[in-house]
Amino acid sequence: MLLSFSGRLEFSEPALVYEYPKNGSISQKRGIDSDGKSLSLSWKVRFKVAKDIANAITYLHTAFPRPIIHMKIQPSSIFLDKDIPKLGNFCYFLSIPKGKMYARIEEVHREYLHEVSCACGKVEFLDPDYYKTSIIMEHYDVYGFGIVLLALLTGQEAFDANRPEEREDIRSYVEDLVQKKRFNEIVDPKILEEEGEIYEEKELQLKAFLKLALGCNKEDKEERPLMIDIAKQLFKIEKSTRRTLGESVHSN
């Protein structure tokens, strides 16, 4: 779901006005408790955030004559309104020009190129391919969404200077633990504590979620899935887990 747009006001600088959901952004509530005040989200809510925001981004990419690239997919752009996830922060979105498969910021936002380049996302959420080519495609949002999935799964910040230097960014941190087969260290302990232990069906769901997240964060943008396929995969993960749980209940 997208945040309701209330209008555009003209101050010394143009301003977009949106509703502000009661529960704020998930950057404050996804499970991080660095300030002792944030609330931990259940795994059920985190999965719903992933599924609903995937649908919202898919809508932007596919529902218009030309794909709309959000440009700032990160936790601070995702809001909760009574546990209903909503995507906001459209200050720097762009549309792929007609007749092209990609866009460049200087072609679309020429009048404030420097501002957009600096503000279109924190470095840990930026598509590494963008640094090489300056080309923006749907894959740009996919990369940011993959980092959001890792943040939801681990409950950690996308960048943490307290981690070893080679693992300061969350993708490197998770990939290192995957290589060492230390899955339980990847998952937010608050998720593990929900039932006291991870039952087999939930572990399968968490691992499928992790695999999808890492697929979104492939260095080569051509190896990443499209948002429509990501949304379908999240639906399949949820559906297969429900079916497995149902079979487990009946077998008992």
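The values are calculated or read from the model by the stated rules, or taken from the named source; none is laboratory data. Keep in mind that what you see is a predicted model, and the values were worked out from it rather than measured. Here the Cβ is made from the backbone with ideal geometry for all residues, glycine too, and neighbour counts use every protein chain on show. These accessible areas exclude ligands, DNA and RNA; they are computed on the full protein's heavy atoms, side chains included. Shrake-Rupley method; radii C 1.70, N 1.55, O 1.52, S 1.80 Å.
A Cβ distance below 7 Å, combined with a sequence gap of six or more or placement on separate chains, defines the contacts here; from the range 165-185, residues that are on the phi < 0 side of the Ramachandran plot reach residues that are at pLDDT below 90 and of a type in the set (Asp, Glu) in the pairs Glu168/Asp160; Asp169/Glu124; Ile170/Glu124; Ser172/Glu166. Among the criteria (1) surrounded by fewer than 20 Cβ atoms within 10 Å (Cβ to Cβ); (2) at pLDDT 85 or above, the one Leu150 does not fulfil is (1). Of the helices (runs of 4 or more DSSP H) lying entirely inside the range 172-220, those carrying at least 1 residues that are open to solvent by 30 Å² or more (accessible area, probe 1.4 Å) and in contact with a Gly (Cβ under 8 Å, 6 or more places away or on another chain) are 189-192, 200-216. Condition first: in contact with a strand residue (DSSP E or B) (Cβ under 7 Å, 6 or more places away or on another chain), of a type in the set (D, E, K, R) and part of a helix (DSSP H, G or I). Now tell me which residues in the range 48-75 satisfy that. Within the range 48-75, Lys48, Asp52 meet the criteria.
Selection over the range 221-235 of residues that are touching a helix residue (DSSP H, G or I) at 6+ places or on another chain (Cβ under 6 Å) and part of a helix (DSSP H, G or I) gives a count of 7.
Within the range 69-89, the residues that satisfy the criterion of being surrounded by fewer than 20 Cβ atoms within 10 Å (Cβ to Cβ) and either free of Cβ contacts under 8 Å to residues at least 12 places away in the same chain or over 14 Å from Gly144 (Cβ atoms) (or both) are Asp81, Lys82, Asp83, Ile84.
Can you say whether Ile230 is surrounded by 17 or more Cβ atoms within 10 Å (Cβ to Cβ), closer than 24 Å to Ile136 by Cβ, within 15 Å of the chain's Cα centre (by Cα) and modelled with pLDDT of 95 or more, as far as the supplied structure shows?
yes
Filtered by the rule that a residue be basic (Lys, Arg) and over 17 Å from Asp127 (Cα atoms), the range 156-176 gives Arg163, Arg167. Under the condition of being within 18 Å of the chain's Cα centre (by Cα) and surrounded by fewer than 19 Cβ atoms within 10 Å (Cβ to Cβ), which residue from the range 157-167 is farthest from Ile26 (Cα to Cα)? Result: Asp160.
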